[in-house]
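A short worksheet on the structure shown next.
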Amino acid sequence: MKTIALLGLPNVGKSSLFNRIAKERLAITSDVSGTTRDIRYKDVEIEGRQCRIADTGGLDDSTVLFENVKKQSLKAAKKADILLFVTDGKILPQESEKKLFFELQKLKKPIALVINKIDNEKEEERAWEFYQFGAQNIFTISVSHNRDIAKLLSWVISFLPAPKEELILQDDEDLSLEELLQEKEDKSSDDLINVAIIGRVNVGKSSLLNAVLGVDRAVVSEVAGTTIDPVDEMMIYEDKKLNFVDTAGIRKRGKIEGIEKYALNRTSSMLERSDIALLVLDASEPFTELDERIASLIDKYHLGCIIVLNKWDKARESFEKITQDVRYKFKFLSYAPIITLSALSKQRVHKINDLIIKIYNNYTLRVPTARLNEAIQEASRKHQLPSDKGRHVKIYFATQFDTKPPRFAIVMNRPKSLHFSYKRFLVNQIREKFGFEGAPIILVARARGENDEQSS
């Protein structure tokens, strides 16, 4: 699949063009220079032709942070097949732009000069200023007005392989109805694991992503809040697709400014579609109230969880003391395993993927009804259900009705009488019998024939 890289100085409209081609609002856009800092990829279809687009950070080296962004963007350009160099048509071309364009031309790849923000024919006159770039392929567009985007895409399509529709149809004709249904079922098989990397600013989330992937995928710097737009990156591990999302670091509410508000909202939407969260904590510093608030998001979205103690090479205290502190401060994540590592030195990073697979298997585990009821009956004998003001409380049976996370229904005569402490006891008994390490367990009590759930 061919890759199209969108390049240019900050704030010229690359992310807006990315969203327009993807037909989704994927990248955060704003008037703030340098909103995009990490590279975002998206597989798209343009008139039936498959390709991948890459939204890169602005090519600016005015600060150490943006110098790192520029390096990542140029790496993406070297790996891409087609280059779209985007400029702002409302201002005069800059010498730094021309220098960058000449540098990209040396890569000997199809390259187009895209002059954005040309909203009408009158503004076309300003485009003449950009002919000094010496580009063979020049397109004047307006992303905000959807003006002449089609012309640009027609040029892009000329470099993309034609769709293989006839071959696909022929393959389908050779399959029976049963085989077609089976094929659809196979395609929807649960082999994708969405993993969110969350934590407060500067705890090493992007460094962890780079270490797990084995490449410098996310921009890393000492500047707190470097990651703004969540970064998605997929890898294959043991026949599973691990899709990592490096979310924006979260600050105290009073310190969240400008585009970080968009980032915080985007982080919440990413957590809604995630399966597992890597809660990254800084082992070199005391844990804060903000760490606890961020951890509560994992509980809110019922995610599988791994607690990652990063910067372990600079750990402030012993393993026993710090893990004791973790278990005390994050009681609601008592089911989550703890791993110590150093993202920068790669210490124990190799264990992360195996642990993710293990937790995901628990997150999707389904317990046979017969075995579940045996466990519940045994728990009832071990610790009898308390009565409700002298009235007998009885469990009829239990069943698991969902996974991701595992959800269990306890069908009983007085569901409202099931005390939260006994519910917690039952959850612990289920864990003791069936494991579920790293996965939250949702237990609901309901009467026979009752549809409304009371979740714990």
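What follows draws every value from the coordinates through simple rules; no lab data is involved. A quick note: this is a predicted structure, and the numbers were derived from the prediction, not measured. When we count neighbours, we look across all protein chains shown, and the Cβ atoms used for this are built from the backbone with ideal geometry, even at glycine.
Between region 398-418 and region 104-149, what is the C-alpha centre distance in whole Å?
For region 398-418 versus region 104-149, the Cα centre distance is 61 Å.
Amide H of Gly8: which non-local residues (sequence gap of 5 or more, or other chain) have their own amide H closer than 5 Å, using H built in the peptide plane?
Amide H to amide H, under 5 Å and 5 or more residues apart or across chains, Gly8 pairs with Leu59, Val86.
Scan around Ile141 for amide H atoms under 5 Å from its own, H built in the peptide plane at 1.01 Å from N, and keep only partners 5 or more places away or cross-chain.
The list, which skips near neighbours in sequence, is Ile115, Asn116, Lys117, Ile118.
Show which lysines lie in cross-link reach of Lys423 when reach means a straight Cα distance below 26 angstrom and same-chain residues fewer than eight apart are skipped.
Cross-link targets: Lys300, Lys329, Lys331, Lys358, Lys382, Lys389, Lys394, Lys404, Lys433.
Distance cut-off 28 Å, Cα to Cα: go down the list Lys78/Lys351; Lys78/Lys311; Lys106/Lys346; Lys23/Lys346; Lys14/Lys75 and report the pairs above it.
Lys78/Lys351; Lys78/Lys311; Lys106/Lys346; Lys23/Lys346
Calculate one ³J(HN,Hα) per residue across region 345-351 by plugging θ = phi - 60° into the Karplus curve 6.51 cos²θ - 1.76 cosθ + 1.60, and present them in order as whole Hz with x for glycine and proline.
With the stated coefficients, region 345-351 comes to 8, 6, 4, 6, 4, 4, 7 Hz.
What order do you get for Ile91, Ile149, Ile306 when you list them from fewest to most C-beta neighbours inside 10 Å?
Sorted ascending by nearby Cβ count, the order is Ile91, Ile149, Ile306.
For region 285-297, take each phi angle, set θ = phi - 60°, evaluate the Karplus expression 6.51 cos²θ - 1.76 cosθ + 1.60, and give the result in whole Hz per residue in order, putting x for glycine and proline.
Residue by residue, region 285-297 yields 10, x, 6, 10, 4, 5, 4, 5, 5, 5, 4, 5, 5 Hz.
Counting only residues 5 or more places away or on other chains, whose amide H sits under 5 Å from the amide H of Ala277 once H atoms are built in the peptide plane?
The list, which skips near neighbours in sequence, is Ala196, Gly304, Cys305, Ile306.
Find how many whole Å separate the alpha carbon centroid of region 329-387 from the alpha carbon centroid of region 269-295.
If you average the Cα positions of each part, the centres end up 18 Å apart.
Among Thr56, Thr403, which comes first, then next, by fewest other beta-carbon atoms within 10 Å?
So the residues, fewest neighbours to most, are Thr403, Thr56.
Would you mind putting 319-330, 353-364 in packing order, based on average other-beta-carbon counts within 10 Å, highest first? Intermediate values should be presented prior to the final figure.
Values: 319-330: 14.8, 353-364: 19.2.
Descending mean neighbour count gives 353-364, 319-330.
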